[in-house]
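These notes are about the structure you will find just below.
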Amino acid sequence: MPIFIGGDYATDAGMVCLWDPEAFRSVVDYDTWEEELCEDRDILRHIKAGHLTPINTNHGVDGAFAVIVRIGDDALPASLTEREARYILAESAPYRFQSSGRICVSGLEYIEAQPGPSVGVVPMPTGEYMVKLYFIAWDDEPGMKDRKGRPKPGALPDFVLLVNPKPKKKKIRFRTKLHALEPLK
C-alpha cells in the first residue's frame, strides 16, 4: 500500500525539498545548517548523494506550495491520478533518493536533525528510490480558483512527487541539478 504525505509547505529560501533526516543529523542550529546547506555546491552535494530532492521550478521562488508525495513499492508503484495527469505543466527526470527510514518535506531552511513543526514526516522503508516531480497547472482546471485567483478547496497541488523503488536491473541516469525542472517554454 503506498505511503502518502501532503500539505502546504513554505519557503523563504526559494526551494521546498524532499529530504532524509538521517543525512542531516549534524544540523542542530543555524551555524551547522549554514555549513551543510547555505551554498549551492552544498545542496548539490546532497542531491548527488541522494539525500535531498529539490521541489521547485527553474525560478527558485519563495512562497507556500501545495505538495503531495506518494511513495510506492514494487507491488504497487506510486502514480499520478488521471486528474493530475491532465494538468501536468512540466516533469523532472528522476532524482536518486536514499531512505534511511523516514522522509521529510519542508522549505530548505527547515532542514535539521530533529524535524520541527514546519516539516512533514512519514516513515518509509529503507533503500534506494527514484523521485519524479510533476509541476501541476492546478489553476487551469475549471472552477478551481476563487475570485482572488487562489485555489479553492479540492484544487490540485502545485507539485506531485512520485517516489518508487529504483529498478534493480535497470541503469538510470539520475538528475543532479539544483532546479528540478527545465525552463518552461
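The values are calculated or read from the model by the stated rules, or taken from the named source; none is laboratory data. These figures come from a predicted structure and were not determined experimentally. All Cβ positions, even for glycine, are placed from backbone atoms using ideal geometry, and neighbour counts span all protein chains on display. SASA here: full protein model, heavy atoms, side chains in, ligands and nucleic acids out. Shrake-Rupley method; radii C 1.70, N 1.55, O 1.52, S 1.80 Å.
Only Lys, Arg, Asp and Glu carry charge here, each on its Cβ (+1 for the first two, -1 for the last two); on that basis the chain has a dipole of about 1060 debye about its Cα centre. By the Cα gyration tensor, the stretch 14-146 has an equivalent ellipsoid whose semi-axes, rounded to whole angstrom, run 26, 18, 13 from largest to smallest. Comparing Ala155, Ala113, Ala75 in a Gaussian network model of the chain where C-alpha atoms under 10 Å apart are linked, the largest mean-square fluctuation is found at Ala75. Calculated accessible area for the chain comes out at 53 Å² per residue, all protein chains present (probe 1.4 Å; ligands, DNA, RNA ignored). Using the Karplus relation 6.51 cos²θ - 1.76 cosθ + 1.60 with θ = phi - 60°, the per-residue 3J(HN,Hα) values for the stretch 72-87 come to x, 9, 4, 6, 9, x, 5, 8, 6, 6, 4, 5, 4, 4, 5, 10 Hz, with x marking Gly and Pro. Alpha-carbon geometry of the stretch 1-47: the Rg and the Dmax are 12.7, 40 Å, given in that order.
Ranking Thr81, Thr53 from most to least accessible surface, computed with a 1.4 Å probe over the protein chains only, gives Thr81, Thr53. The count of lysine pairs in the chain that are at least 8 places apart or cross chains, and whose C-alpha atoms lie under 30 Å apart, stands at 26. Here the stretch 56-122 is treated as an ellipsoid with the same Cα gyration tensor; its semi-axes, largest first and in whole Å, are 22, 19, 12. Rounded to whole numbers, the Karplus 3J(HN,Hα) couplings from phi for the stretch 100-116 are 9, x, 9, 10, 10, 10, 5, x, 3, 5, 9, 6, 6, 4, 10, x, x Hz, using 6.51 cos²θ - 1.76 cosθ + 1.60 with θ = phi - 60°, and x at Gly and Pro. Summary value for the chain: 33 percent relative contact order, contacts being C-alpha pairs under 8 angstrom separated by 6+ residues.
Shown in residue order for the stretch 151-157 are the 3J(HN,Hα) couplings computed by the Karplus curve 6.51 cos²θ - 1.76 cosθ + 1.60 at θ = phi - 60°: x, 7, x, x, 5, 5, x Hz (x for Gly and Pro). For the stretch 39-185, what % of the accessible area comes from carbon and sulfur atoms, probe 1.4 Å? The value for the stretch 39-185 is 52 percent carbon and sulfur by accessible area. Annotation for the stretch 70-120 versus the stretch 3-24: alpha-carbon center distance of 8 Å.
Counted by Cβ distance under 11 Å from Tyr134, the other residues give a net charge of -1, where Lys and Arg count +1 and Asp and Glu count -1.
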